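The values are calculated or read from the model by the stated rules, or taken from the named source; none is laboratory data. Predicted model, so just to flag it, every value in this text is computed and none were measured. Quick reminder, even Gly has a Cβ in these numbers, built from the backbone with ideal geometry, and neighbours come from all protein chains shown.
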Amino acid sequence: MIDIQDKKECCGCKACEQICPKQSITMNVDNEGFWYPVVNHETCIECSLCEKVCPELVERESITPISSYACYNLDETIRLKSSSGGVFTALAEYVISQQGVVFGARFDKEWNVIHDYTESLSGLDVFRGSKYVQSDIKDSFSKVQSLLKRDKIVLFTGTPCQVSGLKLFLRKEYKNLLTMDFICHGVPSPSIWKSYLKETSPKLDRIKYISFRDKTFGWKKFSLHIQNLNQAKSILEPLNRNLYMKGFLQDLYLRPSCYDCSSKNYTSGSDITVGDFWGIQNEVPEIDDDKGISCILVNTNKGKIIIDKLNLYYKQMELSQIDKYNPALIRSVDKPVKRADFYKSVGSNNTLKILDKYTKMSTVVFLKYKCRGLVKTILQKLGLFELIKKNYKK
Ligand SMILES: Cc1cc2nc3c(=O)[nH]c(=O)nc-3n(C[C@H](O)[C@H](O)[C@H](O)COP(=O)(O)OP(=O)(O)OC[C@H]3O[C@@H](n4cnc5c(N)ncnc54)[C@H](O)[C@@H]3O)c2cc1C
């Protein structure tokens, strides 16, 4: 049976809770805001199914993607509403045109992030856009399974660990299942998100709309936009100014398993992996209009067949042109030394103050970041960066 000794051993995909034939597993939220399984020993029949579906316990093979592209949605309105180039919507629209069902992450009425599904084009809006909070998968895996058994075409989208969890939960391949994950930096804590929101917008029912990837100041300088009925309470702050985004990008409140992710490096089993094509301005400057360019990694033949049918602009790229700007594809981020102190200090009413304190970079750290960037740019211009990186890895 599942027995979590160290919190980094659980990614929170809830495959164990959903597979348990005796409903002996419940998920409890810890003081950092993440959920973990707790087994009821009185009803558990020790069938070990929970262990067989756990992405942290079952090793998976790393594959080599078949092909990789830079791309964007040819519908500019969709592209501007999407986080990067709008691949998700192109894929979802195709699946719905085939009478299929699309699973993804959306906000609920209280602005928590949850997984849900839609069967209509008009229902896609709420799933569009990245939500930088761990999404509660609820009973999505069971719902996917029952739709697949009814021969529905299903597109499941989520983090690499959610896709790993789903594939293990299903325990067999379905021709009518298509999975899309994304390059994942890590998932931030739902409770830090809610505390941030309550302090900035105390009346949650006055919030009209939230986007973590508003493109008012461009795709590269994206903003957190919280639109409030009271305009004075609205927030539109780029990633380098907004406290919540700074904390996320400095890795302060990611789930413990994200610092040692077991679904990276092409092991999730997804058909397609998407992400932001950071660095497109160096690789193909003529298509970079700062409206958002995605990268797509096609991992399976099923993914290849679907990709050929989408309303996207494509340019074939080498994998190395993608991963050099997006190390999250391969490696987990490091756990910041100050994470434990951050969690000790943050309470129910001081989130903004503590975020401000912990996201200020010391001059030494600031210079280290700046110098690292400068040295990397110079080495890239000299064509030495890849060579040095390869030797460093050896
Ligand atoms: C927590 C997180 C971390 C990320 N880290 C990186 C990164 O380091 N590098 C990178 O290149 N890209 C990263 N991405 C992916 C990127 O932000 C875009 O989502 C991706 O490029 C797809 O964009 P799009 O324009 O095709 O479509 P969009 O419409 O923007 O795609 C949204 C898709 O993401 C899903 N989604 C949104 N929020 C969540 C969530 N919280 N949990 C599960 N699924 C969710 C939706 O269901 C939908 O399928 C991250 C996304 C998230 C949610």
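Please specify each residue of the range 337-357 satisfying the condition of being crowded, with 17+ Cβ neighbours inside 10 Å and assigned to a loop (DSSP other than H, G, I, E, B).
Val346
Would you pick out the residues in the range 318-360 that are touching a Lys or Arg at 6+ places or on another chain (Cβ under 7 Å) and of a type in the set (Ser, Thr, Tyr)?
Selection gives Ser332, Tyr358, Thr359.
Of the conditions (1) surrounded by fewer than 20 Cβ atoms within 10 Å (Cβ to Cβ); (2) part of a loop (DSSP other than H, G, I, E, B); (3) within 15 Å of the chain's Cα centre (by Cα), Lys291 satisfies every one except a single condition; which number is it?
Here Lys291 meets the rest and fails (3).
Can you pull out the residues in the range 289-319 that are modelled with pLDDT of 95 or more, within 15 Å of the ligand (Cβ to nearest atom) and over 27 Å from Lys167 (Cβ atoms)?
Those that are modelled with pLDDT of 95 or more, within 15 Å of the ligand (Cβ to nearest atom) and over 27 Å from Lys167 (Cβ atoms): Asp289, Asp290, Lys291, Gly292, Ile293, Tyr313.
So Asn176 fits all but one of (1) in contact with a helix residue (DSSP H, G or I) (Cβ under 8 Å, 6 or more places away or on another chain); (2) more than 19 Å from Gly292 (Cα to Cα); (3) within 16 Å of the ligand (Cβ to nearest atom); what number is the exception?
With (1) in contact with a helix residue (DSSP H, G or I) (Cβ under 8 Å, 6 or more places away or on another chain); (2) more than 19 Å from Gly292 (Cα to Cα); (3) within 16 Å of the ligand (Cβ to nearest atom) applied to Asn176, the lone miss is (3).
Got a sec? Which of Ile78, Ile63 is more than 13 Å from the ligand (Cβ to nearest atom) and either assigned to a loop (DSSP other than H, G, I, E, B) or surrounded by fewer than 24 Cβ atoms within 10 Å (Cβ to Cβ) (or both)?
Answer to the check: Ile63.
If Gly12 satisfies every condition in (1) more than 30 Å from Phe277 (Cα to Cα); (2) not assigned by TED's automatic domain parsing to the domain that holds Leu148 but one, which is the exception?
Every listed condition holds for Gly12 apart from (1).
Which one is surrounded by the most Cβ atoms within 10 Å (Cβ to Cβ) among residues in the range 110-163 that are of a type in the set (S, T, N, Q) and more than 10 Å from the ligand (Cβ to nearest atom)?
Ser140
It is to be established whether one or more residues within the range 83-95 are assigned to a strand (DSSP E or B) and either more than 8 Å from the ligand (Cβ to nearest atom) or touching a residue at least 12 places away in the same chain (Cβ under 8 Å) (or both).
No, the range 83-95 contains no residue that is assigned to a strand (DSSP E or B) and either more than 8 Å from the ligand (Cβ to nearest atom) or touching a residue at least 12 places away in the same chain (Cβ under 8 Å) (or both).
Go through the range 190-223 and count every residue that is among the β-branched types (Val, Ile, Thr), part of a helix (DSSP H, G or I) and either modelled with pLDDT under 95 or away from the ligand (no atom under 16 Å from the Cβ) (or both).
Of the residues in the range 190-223, 1 are among the β-branched types (Val, Ile, Thr), part of a helix (DSSP H, G or I) and either modelled with pLDDT under 95 or away from the ligand (no atom under 16 Å from the Cβ) (or both).
Could you look through the range 224-239, keep only residues that are in a strand (DSSP E or B) and of a type outside the set (D, E, K, R), and pick out the one that is farthest from Asp290 (Cα to Cα)?
Per the criteria, the residue is Asn228.
Just give me the residues in the range 230-270 being within 15 Å of the chain's Cα centre (by Cα) and closer than 18 Å to Ser201 by Cβ, in sequence order.
Answer for the range 230-270, where residues must be within 15 Å of the chain's Cα centre (by Cα) and closer than 18 Å to Ser201 by Cβ: Met245, Phe248.
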